[in-house]
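Worksheet for the structure shown next.
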């Protein structure tokens with residue numbers, strides 16, 4: 001069970017370190033997740049952003065939405081840059097050139113910057129064991145460039161580069177299981193989270209910076225324009241993702257997996273799929289295929305049975 | 001300027017021998033270069049290494065095409081490699097061979113030949129047939145480019161402790177046993 | 001708001017800081033996203049149970065928690081996404097169309 | 001005269017980096033630079049150097065880790081060559097644009113295909129526009145001295161730019177020769193620990209790096225970098241002079257050899273300069289008045305200095321180990337010729353491409369280039385274009 005650093009949402013600080021005036025779309029799940037994570041980990045933090053939506057919306061010169069030191073260098077090198085920051089701070093503190101202080105080195109990257117172009121850099125940093133928190137804000141496509149398919153895009157989803165046509169209907173492949181890839185590095189802390197469950201998210205982020213060594217936080221970030229649903233439904237979409245078992249919330253600490261949000265009775269995936277424009281083309285067969293896969297995965301994780309629909 | 005080419009096989013230590021002698025020369029206040037043939041040669045493959053020695057700074061950095069001295073660590077190389085290619089008239093060839101000096105002279109009438117049974121020395125002293133430092137001793141006998149003591153110092157710096165002592169012995173023995181035929 | 005005046009989106013080369021580093025934190029607070037909005041949320045104080053969900057769920061960080069524990073919409077930044085009325089457990093928030101100027 | 005020690009060129013680089021007391025080394029192995037970082041790894045493991053060595057998984061990450069470490073104020077080092085530099089390409093721009101005083105050695109190596117571990121200068125030339133200060137060295141002494149000066153220059157408040165210290169792979173990495181070592185006291189005095197800039201990434205003073213460069217500011221951003229690079233030249237001279245006063249070894253943007261009365265000047269960079277000087281000696285023995293101009297600084301390009309030095313000569317033959325595919329010969333040739341173009345009185349500039357992929361350039365080949373250049377300017381010989389490839393088997 002997650003360490004309860006915050007027992008209710010009211011224990012989260014009023015102050016923000018990812019502040020308003022940022023230019024995300026209305027109802028942006030990514031901006032929301034970032035706001036909550038920053039409240040949880042606080043001001044003694046240095047953030048590295050990979051190229052992506054969050055980076056663009058938070059830094060149109062001369063405006064920055066970061067109340068903590070923040071750097072964007074490139075798309076695929078956020079984990080490597082963070083490795084340098086963490087190492088640099090460590091050696092400067094050891095040599096007495098910087099006062100000793102706990103500084104949370106934290107990466108924010110999208111799914112493209114993590115599971116595709118940034119995977120090598122991430123793997124290297126995890127293997128080397130740097131003390132940092134890597135947050136993947138997964139909105140399941142390249143939203144910054146206009147909704148192109150990434151390897152984190154789910155099966156059958158429409159994107160602008162996994163078009164729905166007569167021959168091919170959306171993305172033919174399943175979503176890449178990045179959490180298992182990260183887990184293969186045997187890092188001390190891994191968690192999945194979703195801003196619909198803010199307390200769970202905040203506690204996991206805090207845990208991520210508290211553990212020594214690399215921590216990985218995979219955050220499910222609904223995206224109104226990319227997933228094609230109205231902006232007010234962002235929280236609901238996240239909730240349905242969790243309640244259907246599409247995106248289970250758990251953590252793996254020192255190799256031990258534990259569910260953090262239990263789903264005693266899973267909803268049918270249709271509940272989740274039907275409210276998103278990116279899935280409206282799905283036929284019964286495709287829905288059944290998704291349901292079958294979710295059932296298998298859920299069983300492995302110990303989620304509850306699916307309600308009959 | 002004296003230019004030297006070393007012939008050996010990957011793993012025999014030709015490059016190390018060239019390096020040790022360069023170290024000795026520099027520590028005596030001379031100018032010297034040592035460099036390998038540049039490439040990814042693997043263990044066993046024929047390799048070459050080079051030296052240059054001078055009393056003034058050495059500017060040239062191209063390979064050695066017309067050596068004054070050629071050193072051959074493995075006489076089996078003679079079968080396939082023209083080791084005396086480019087060797088200057090009256091140049092010196094230092095050869096590791098089990099043959100008697102006179103027997104080796106025949107194909108090399110136009111050069112000064114120096115021979116030594118370095119393999120035997122290596123087996124005696126080290127117990128393994130690594131001949132490079134012995135050949136460095138023979139090289140010094142043939143050329144007098146550095147003092148033996150400088151070479152001892154350089155080799156002791158390269159191989160610490162007992163290994164250093166044994167290699168000093170190798171050099172000494174090779175220096176004494178090498179035959180200068182002229 | 002003296003600080004605001006210093007922020008230039010078209011600095012001269014001399015005004016541009018080294019490596020175009022933004023030397024002041026959180027300057028986006030000077031960029032008001034409130035004018036993105038077509039609908040504005042209004043909180044009915046009588047229905048509000050002060051649960052804080054609107055505050056935590058606001059993606060624009062545009063809901064203020066007052067010292068008294070009340071919640072107020074910060075119209076300077078509210079983008080009008082409609083998440084807060086959707087998630088309010090007592091339906092204390094409604095979206096009202098912005099009047100034409 | 002200070003005592004010279006025997007040292008491999010690569011280890012001269014490692015020693016300078018160690019004596020510069022770097023904080024972070026981040027590197028990926030690639031021939032022919034590997035000896036440099038192997039030795040540094042030993043220094044760190046033995047506790048001789050109080051630094052962190054980050055074993056990254058690629059050169060892209062090597063430079064990226066340097067970005068992060070340098071942005072918090074650490075003194076950083078990396079080394080690469082050939083494909084490694086090509087893989088770093090986009091990151092190089094970030095280091096320069098973010099004004100991070102990283103020092104990198106480049107053991108210049110040919111670019112694939114075909115795979116070639118051997119030396120030429122096409123790697124750095126393919127990244128010449130990345131905003132880095134770029135210096136080319138000839139031998140161990142120069143590598144050692146220039147690296148120490150590079151940190152001093154890079155970290156100067158008026159500069160804050162990364163420096164690439166180039167030297168030819170193998171020809172200036174795998175050669176054992178001799179050099180004088182500056183004492184650690186002298187180095188410490190000359191190069192104190194890096195001053196952490198006020199805008200470094202630290203929670204005590206939050207700054208935001210790498211904001212979006214809208215069309216309204218990108219021009220100013222780029223021009224600011226260009227100005228900084230241009231200004232670095234005078235500071236570099238200051239640094240070199242200061243180092244010269246300490247060690248007696250003075251460096252300059254270029255180094256002429258027997259050029260006073262020369263009818264032909266060979267202009268080149270890197271390890272072949274010495275070979276060219278020997279060629280000049282031989283030519284002069286034969287009555288040919290030739291000289292060499294060794295260029296040390298390639299970026300910022302010393303166009304003014306070259307104009308004033310070269311304007312009265314008859315012919316300049318640029319010999320270089322790189323070329324711009326489909327372009328106007330070698331990069332150096334192109335820039336030298338462009339620098340002189342608007343002068344009324346100017347030498348003829350000819351380009352010769354040689355030494356690609358580690359092919360040796362012999363003394364007699366430099367002699368031939370000088371003679372050919374003279375023949376051309378004297379109308380005795382013709383070249384199809386103003387530049388040509390040497391050493392091609394037709």
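Any read-out appearing in this document is the output of simple, stated calculations on the displayed coordinates, not a laboratory observation. Quantities reported herein were computed from a predicted structural model and do not represent experimental measurements. Glycine also receives a Cβ, built like all others from the backbone with ideal geometry; neighbour counts cover every protein chain displayed.
Using alpha carbon centroids, what distance separates the stretch A:20-90 and the stretch A:124-180, in Å?
Going from one Cα centre to the other spans 20 Å.
For the stretch D:232-267 and the stretch B:16-60, what is the separation of their Cα centres, given in Å?
Between the Cα centre of the stretch D:232-267 and that of the stretch B:16-60, the gap is 29 Å.
Compute the whole-percent fraction of alpha carbon pairs in the stretch A:18-86 spaced more than 15 Å apart.
Details: 1224 of 2346 pairs.
Looking at the stretch A:18-86, the distances longer than 15 Å represent 52 percent of pairs.
At what distance in nm do the modelled label points of residue A:262 and residue D:393 sit from each other, each positioned 7 Å from its Cα along Cα→Cβ?
Between residue A:262 and residue D:393, the simple spin-label model gives 7.8 nm.
What Kirkwood hydrodynamic radius do you get for the stretch C:2-97 when you take the inverse of the mean 1/r over all pairs of distinct Cα atoms, in Å?
15.3
To test your reading of the geometry: what angle, between 0 and 90 degrees and rounded to tens, separates the Cα axis of helix A:198-210 from the longest principal axis of chain A?
40
Any idea what angle helix A:119-128 forms with the longest principal axis of chain A, computed on alpha-carbon atoms, 0 to 90 degrees, nearest 10?
Compared with the principal axis, the helix lies near 50 degrees.
Can you compute log10 of I(q)/I(0) for the protein assembly as shown with the Debye formula, treating each Cα as one identical point scatterer, at q = 0.09 Å⁻¹?
-1.00
At what distance in nm do the modelled label points of residue A:289 and residue B:162 sit from each other, each positioned 7 Å from its Cα along Cα→Cβ?
7.0
If you rank D:364, D:23, B:54 by fewest surrounding Cβ atoms within 10 Å, what's the result?
Ordered by Cβ neighbours within 10 Å, fewest first: D:364, B:54, D:23.
So for the pair residue B:110, residue A:184, with labels modelled 7 Å out along Cα→Cβ, what separation do we get in nm?
6.4
Rank these for me by crowding, C:8, D:289, going from fewest to most other beta carbons within 10 Å.
Values: C:8 13, D:289 16.
Fewest to most other Cβ atoms nearby, the residues stand as C:8, D:289.
For residue D:184 and residue A:297, FRET efficiency with R0 = 51 Å and r from the beta-carbon atoms, rounded to 0.05?
With R0 = 51 Å, the Cβ-Cβ based efficiency is 0.25.
On a 0 to 90 degree scale, rounded to 10, what angle separates helix D:59-71 from the longest Cα axis of chain D?
That works out to roughly 60 degrees.
Using Cβ contacts closer than 10 Å as the measure, can you line up D:59, B:3 from fewest to most?
Going from least to most buried by this count: B:3, D:59.
Between rounded, prolate and oblate, where does the stretch D:254-389 land on the alpha carbon gyration tensor, with a ≥ b ≥ c its root eigenvalues, rounded for a/c under 1.5, else prolate if a/b exceeds b/c?
Working: a/c = 1.22, a/b = 1.08, b/c = 1.13.
Rounded shape, in that the Cα axes give a/c under 1.5.
Over all pairs of distinct alpha carbons, what does the Kirkwood formula give as the hydrodynamic radius of the stretch D:86-222, in Å?
Computed over the stretch D:86-222, the radius equals 17.0 Å.
How much of the pair distance distribution for the stretch B:2-180 lies past 25 Å, counting alpha-carbon pairs only, in percent?
Numbers: 3959 of 15931 pairs.
Distances greater than 25 Å cover 25 percent of the Cα pairs.
Just the number, please: Stokes-Einstein D of the stretch A:120-261 in µm²/s, Kirkwood Rh from C-alpha pairs, 37 °C, 0.692 mPa s.
My calculation gives 206 µm²/s for D.
Please work out the C-alpha center-to-center distance from the stretch A:241-309 to the stretch C:35-101 and express it in whole Å.
Using only Cα atoms to place each centre, the spacing works out to 31 Å.
Go ahead and collect, in residue order, the members of the stretch D:204-225 whose backbone nitrogen is under 20 Å from a label point 7 Å along the Cα-Cβ direction of residue A:95.
D:204
Tell me, what is the Rg over Rh of the stretch D:4-247, with Rh the Kirkwood radius over Cα pairs?
Value, to two decimals: 0.95.
Convert 37 °C to kelvin, take the viscosity as 0.692 mPa s, use the Kirkwood radius over C-alpha pairs of the stretch D:51-164 as Rh, and evaluate the Stokes-Einstein diffusion coefficient in µm²/s, rounded to a whole number. Mind dumping the intermediate values first?
Details: Rh = 14.2 Å.
So the translational diffusion coefficient is about 231 µm²/s.
Taking the C-alpha atoms of the stretch A:9-301, how large are the radius of gyration and the largest Cα-Cα span, Dmax, in Å?
According to the Cα coordinates of the stretch A:9-301, Rg and Dmax are 18.5, 65 Å.
Quick check on chain B: helices-only [θ] at 222 nm, where DSSP H runs of length 4 and up contribute -39,500 (n - 2.57) each and the sum goes over total residues. Nearest 500, please.
-11000 deg cm²/dmol
Restricting to the stretch B:8-129, what percent of DSSP beta bridges are antiparallel, rounded to 5? Walk me through the numbers before you get to the answer.
Values: 8 of 17 bridges.
Roughly 45 percent of the DSSP beta bridges within the stretch B:8-129 come out antiparallel.
How much mean residue ellipticity at 222 nm does chain D get from its helices, if each DSSP H run of length 4 or more adds -39500 (n - 2.57) and you divide by all residues, to the nearest 500 deg cm²/dmol?
Using -39500 (n - 2.57) per qualifying helix, the result is -12500 deg cm²/dmol.
Rounded to the nearest 0.05, what FRET efficiency is calculated for residue A:274 and residue A:163 with R0 set to 25 Å and r the Cβ-Cβ distance?
0.80
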